[in-house]
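*Asks:* Can you read through this structure? Questions will come right after.
The values are calculated or read from the model by the stated rules, or taken from the named source; none is laboratory data. This one's a predicted model, so the numbers in the text were calculated from it and none came from an experiment. Here Cβ is always computed from backbone atoms with ideal geometry, including for glycine, and neighbour counts include all displayed protein chains. Heavy atoms of the whole protein, side chains included, go into the accessibility calculation; ligands, DNA and RNA do not. Shrake-Rupley method; radii C 1.70, N 1.55, O 1.52, S 1.80 Å.
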Amino acid sequence: MTAHQCPTPLDGVRVIDLSTRLGAYAGRLFADLGADVIRVEPPGGVPERTVPPLVGGVTSLSFAFTEAGKRSVVLDLDDPVDAARLEDLLGTAQMLLTSEGPGRLRELVLHPDDVTARHPRLVHLSISPFGLTGPWADRPAGDLTLLAAGGLLTLAGDPDLAPVRAWGEQTSVIAGVHGAAAALMALLALEDTERGQVVDVSAQEAIAHSLENAVQYFDLEGVVRHRAGAGPAEAGTGLFACADGWIYLVGGLGGLPLAWEAISQWLEDNGVEDAEQLREPRWRERDWRRGEQGIAVFRTLFERFAAQRTKQELYEDGQRRGISIAPVSTPHDLLSNPQLTERGFFRKLAVGDRTLAFPGPPYRFAGLDVGPGEAPAEPGRHTEAVLNSLSASAAAQAPKE
């Protein structure tokens, strides 16, 4: 039998990406799956190209991550000729990706109502800060605002300090994943019905859908979660310092001890002074476990034990004993992680004059190698090729005399 390369999941699908930073990750996900994602940029390129940190002082690292595998076309949408070219491009595509509010989209004549009227077989994935409707639809919002508006910021950081924003434009990642999943379902419907549709994604709602276990806390205990810092206010659970960093231990949840016998035995087996007190009846009492004294006593005992051991040693020994424990991995730890290495999770991309490791997709397809394509080139690198293909297509479809 002759080996052959199977088509990628989105082989033959064209996506016109007119997004801002908020929607860029969704476009990257489509490119990973083999779609022809055409990033339309204004003259000089989108401002995201200059967001630090920069590789070689030129290329934005975050931009390289979100734009890998996309083609760049420069069009000045204020120019009627280029605006017409965009319309021609939309006529060849199955999906349009935007990430601005309805007012701005109307200014660009790209509101879903307008686009779907002109291109009824197009899926319009609209990721915007607050969705296309409602009193906040046209409010501008960045990553920090959306984390706050969606509720996630109230869970992040130390309870005695201001909230802490997670690095890396997490709203773009969370909204992008939700948007990509919904848009793929719309593409399936397009195949069956030959009709496109609007996929309206609110980043605020995507964040509100991602509040860790805050909903479960309220549902099961009637407790409204707040920032917990190194961990919940409960003995045995949270972040604990060790010889080379931190580990996360779950020794109690909901006021109940988890694997408490195993933890007590672990500390006793290693000769930790006063460890036997963990067997006292008070450690079964919710008020003691959640009180400041109980939390402090356990932390003193456990960190006295952990201070002489690495997080890998603690992880392996704890797992053997049936204890819920995990190392807090640094970027260096992840790059050398044997599981991620074996599965080829990190992919090498040439960015400027450097070769860097980028996260690949967390899924695999039998017989396929999906993942990030080439790092983004300079603005407009593919303009000529794409416009020439449009001209060739128009000429082929013209009636012959």
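*Asks:* Going through the DSSP H helices of the chain, which span 30 Å or more along their own axis at the Cα atoms while scoring at least -1.0 as a mean Kyte-Doolittle hydropathy?
*Replies:* Working: long enough: 170-193 (34 Å, 1.08).
Result, helices passing both filters: 170-193.
*Asks:* Only loop residues by DSSP count here, and only those with at most 16 other Cβ atoms within 10 Å; note down the GluC sites (Glu not before Pro) in the stretch 161-214 that meet that.
*Replies:* On the way: sites: E169, E191, E194, E205, E212; in loops: E169, E194, E212.
Filter output for the stretch 161-214: E194, E212.
*Asks:* Which far-off residues, 5 or more places away or on another chain, put their amide H under 5 Å from the one on V328, with H placed in the peptide plane?
*Replies:* W246, I247, Y248
*Asks:* Report the charge-dipole magnitude of the stretch 255-347 in Debye, nearest 20, computed about the Cα centre from +1 at each Lys and Arg Cβ and -1 at each Asp and Glu Cβ.
*Replies:* On the way: 14 positive and 16 negative charges, 87 e Å.
Around 420 debye, computed over the stretch 255-347.
*Asks:* Explain nothing, just compute: Karplus ³J(HN,Hα) = 6.51 cos²θ - 1.76 cosθ + 1.60, θ = phi - 60°, for every residue of the stretch 64-71 in order, whole Hz, x for Gly and Pro.
*Replies:* 4, 5, 6, 9, 4, x, 8, 9
*Asks:* Once you put a point 7 Å from the Cα of R354 and another 7 Å from the Cα of V215, both along the Cβ direction, what distance in nm separates them?
*Replies:* Reported label-point gap for R354 and V215 is 4.0 nm.
*Asks:* Further question on the same structure: Take every Cα pair under 8 Å in the chain that's 6+ residues apart, average their separations, divide by the length, and report that relative contact order as a whole percent. Before the final figure, lay out the partial values.
*Replies:* Values: 688 pairs, mean separation 73.7, N = 401.
The normalised contact order for the chain reaches 18 percent.
*Asks:* Once phi is turned into θ = phi - 60°, what whole-Hz ³J(HN,Hα) does the Karplus curve with 6.51, -1.76 and 1.60 give for every residue of the stretch 271-285, x standing for Gly and Pro?
*Replies:* Using θ = phi - 60°, the values come out as x, 6, 4, 6, 5, 4, 5, 5, 8, 5, x, 4, 6, 8, 8 Hz.
*Asks:* Mind checking the dipole of the stretch 112-230: about its Cα centre, +1 per Lys or Arg Cβ, -1 per Asp or Glu Cβ, Debye to the nearest 20?
*Replies:* Numbers: 7 positive and 15 negative charges, 31 e Å.
Charge dipole of the stretch 112-230: 140 debye, to the nearest 20.
*Asks:* Any idea what Rg and Dmax come out to for the stretch 124-249 if you just take the C-alpha atoms, in Å?
*Replies:* Taking only Cα atoms of the stretch 124-249, I get Rg and Dmax of 18.3, 60 Å.
*Asks:* What is the set of long-range amide H partners of G252 at a cut-off below 5 Å, with H atoms built 1.01 Å from backbone N?
*Replies:* Excluding prolines and chain starts, which carry no amide H, the hits are T237, L258.
*Asks:* Which order do H178, H119, H382 take by accessible area at a 1.4 Å probe, largest first?
*Replies:* H178, H382, H119
*Asks:* Considering only protein heavy atoms, what per residue accessible area in square angstrom results for the stretch 130-193 with a 1.4 angstrom probe? Let's see the in-between values first.
*Replies:* Working: 3450 Å² over 64 residues.
Result: 54 Å² per residue.
*Asks:* With every protein chain in place, what's the accessible area of V74 (1.4 Å probe, Å², nearest 10)?
*Replies:* Accessible area of V74: about 40 Å².
*Asks:* Quote the charge dipole size of the chain about the Cα centre in Debye, to the nearest 20; the model charges only the Cβ of Lys and Arg (+1) and of Asp and Glu (-1).
*Replies:* Values: 36 positive and 54 negative charges, 54 e Å.
Roughly 260 debye for the chain.
*Asks:* For L161, L77, L105, give the ranking by accessible area with the largest first, probe 1.4 Å.
*Replies:* On the way: L161 115, L77 55, L105 0 Å².
Per-residue accessible area, sorted high to low, gives L161, L77, L105.
*Asks:* A further question on this structure: What does DSSP give for the chain in terms of the percent of beta bridges that are antiparallel, rounded to the nearest 5?
*Replies:* Details: 20 of 40 bridges.
Expressed as a percentage, antiparallel bridges in the chain total about 50.
*Asks:* Debye calculation, C-alpha points only, no solvent: report log10 I(q)/I(0) for the chain at q = 0.07, 0.11 Å⁻¹, in the same order as the q values.
*Replies:* -0.45, -0.93
*Asks:* Another question, if that's okay. In whole Hz, with x marking every Gly and Pro, tabulate ³J(HN,Hα) for the stretch 95-101 from phi via Karplus 6.51 cos²θ - 1.76 cosθ + 1.60, θ = phi - 60°.
*Replies:* Ordered by residue, 3J(HN,Hα) equals 8, 10, 10, 10, 8, 10, x Hz.
*Asks:* Please report the carbon-and-sulfur percent of the accessible area for the chain; probe 1.4 Å, protein heavy atoms only, DNA, RNA and ligands left out. The partial results should precede the final answer.
*Replies:* On the way: 11600 of 21140 Å².
Carbon and sulfur atoms account for 55 percent of the accessible area of the chain.
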